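The values are calculated or read from the model by the stated rules, or taken from the named source; none is laboratory data. Note that the structure is predicted; figures quoted are calculated from it, not measured. Cβ sites come from the backbone with ideal geometry, for glycine too, and all protein chains shown count toward neighbours. Heavy atoms of the whole protein, side chains included, go into the accessibility calculation; ligands, DNA and RNA do not. Shrake-Rupley method; radii C 1.70, N 1.55, O 1.52, S 1.80 Å.
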Amino acid sequence: MKWAIIATWRMAVEGITKACKSLEDKAPAGDAIEEAISMVEDYPFYKSVGYGGLPNENGEVELDAAYMDGDTLSIGAVAGIRDFKNPISVAKKLSDERFNCFLVGTGADEYAHKNGFERVNMLTDRAKMHYKKRVKETVEKGLSPYDGHDTVGMIALDANGSMASGTSTSGLFMKRKGRVGDSPVCGSGFYVDSEVGGATATGLGEDLMKGCISYEIVRLMKEGCTPQEAADKAVEDLNEKLIKKRKKAGDLSVVCLNNKGEFGVATNIDGFSFSVATDSKEPTVYVCKNVDGKTTYEVASQEWLDAYTKRITSPITFD
Ligand code: SD4
């Protein structure tokens, strides 16, 4: 049986590269997801996931994460958790619970503490600088505080045909305290059913939730769409509906994978990237374009990859 793993954004590629070795050694999809997402959470230069994630409007890092097992449909999720190193691991552990599997705020913190998860101050000096800079720019230039975000969302298929999905994010930069996006919400930020496939989303949570977009993609795949057809249709339909009913649509980007290891990707923005690997494909980063409402993608060039690394690691300057 084939294995495969796909994730939103370039930032997932190191995690995926590590998880590939486990999938090759017949590790369960859920373990591969936890391993790969933890690696994204731990890297301080990814400023929208885990350690180094950007704070809310009060300067506090509040993290959302979720995990779903595609064999049992078990779900675990946390929202607004503070100062725990790996929210994905807390979410995965919660998926063992029959009840109380989605915890928020201090309830999530207490659960994580009682279950021995590692506490770490997740607000880095670099994130503080981003915050100060944004406060200054917002006052001086009237910028939207919500610009800029990247959630990691992932789906894996293992050699036994089992599937799992996970998400992890610090949500929107400068979000209101207590704000929860789509990422920990089942059906919106993620969904997986090993009998069909899985999907995960990134973008403006408030809009992604209006279409329950991850569930919608899995539903379309179940009805016979290929992953690419399902992703295109779900993003196009939601984008159109939002424009028709509300005059604007936020960023909507998705990746999906069926239980044969075939993947699909769609976005309504330019510049969405994703990372994918299968038993016959080395970990690869692709960059998407949206041309006349259709998503196309190509392998990220070395120039693009170099510019990315430079951008995320360069010093933060105040003009
Ligand atoms: C949220 N969807 O909290 C997340 C943010 C995100 O890419 O995905 N950014 O709304």
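Assorted remarks:
- Of the criteria (1) in contact with a Ser or Thr (Cβ under 8 Å, 6 or more places away or on another chain); (2) over 29 Å from D158 (Cβ atoms), which one E236 fails: (1)
- For G80, the requirement of being on the phi > 0 side of the Ramachandran plot, touching a helix residue (DSSP H, G or I) at 6+ places or on another chain (Cβ under 6 Å) and not acidic (D, E) is met.
- Among the residues making up the stretch 61-72, those that are touching a residue at least 24 places away in the same chain (Cβ under 8 Å), away from the ligand (no atom under 15 Å from the Cβ) and in a loop (DSSP other than H, G, I, E, B) are G70, D71.
- Within the stretch 90-113, if we keep just the residues that are in contact with a strand residue (DSSP E or B) (Cβ under 9 Å, 6 or more places away or on another chain) and among the aromatic types (F, W, Y), the residue that is least open to solvent (accessible area, probe 1.4 Å) turns out to be Y111.
- When residues of the stretch 192-250 are limited to those that are hydrophobic (A, V, I, L, M, F, W, C) and in contact with a Phe, Trp or Tyr (Cβ under 7 Å, 6 or more places away or on another chain), the one farthest from the ligand (Cβ to nearest atom): V218
- Of all residues making up the stretch 8-53, the number that are more than 13 Å from G153 (Cβ to Cβ) and not in a helix (DSSP H, G or I): 13
- Residue that is touching a residue at least 12 places away in the same chain (Cβ under 8 Å), closer than 16 Å to E118 by Cα and open to solvent by less than 40 Å² (accessible area, probe 1.4 Å), where the choices are P87, P55: P87
- Options V78, V120, V135: the member that is of a type in the set (V, I, T) and crowded, with 19+ Cβ neighbours inside 10 Å: V78
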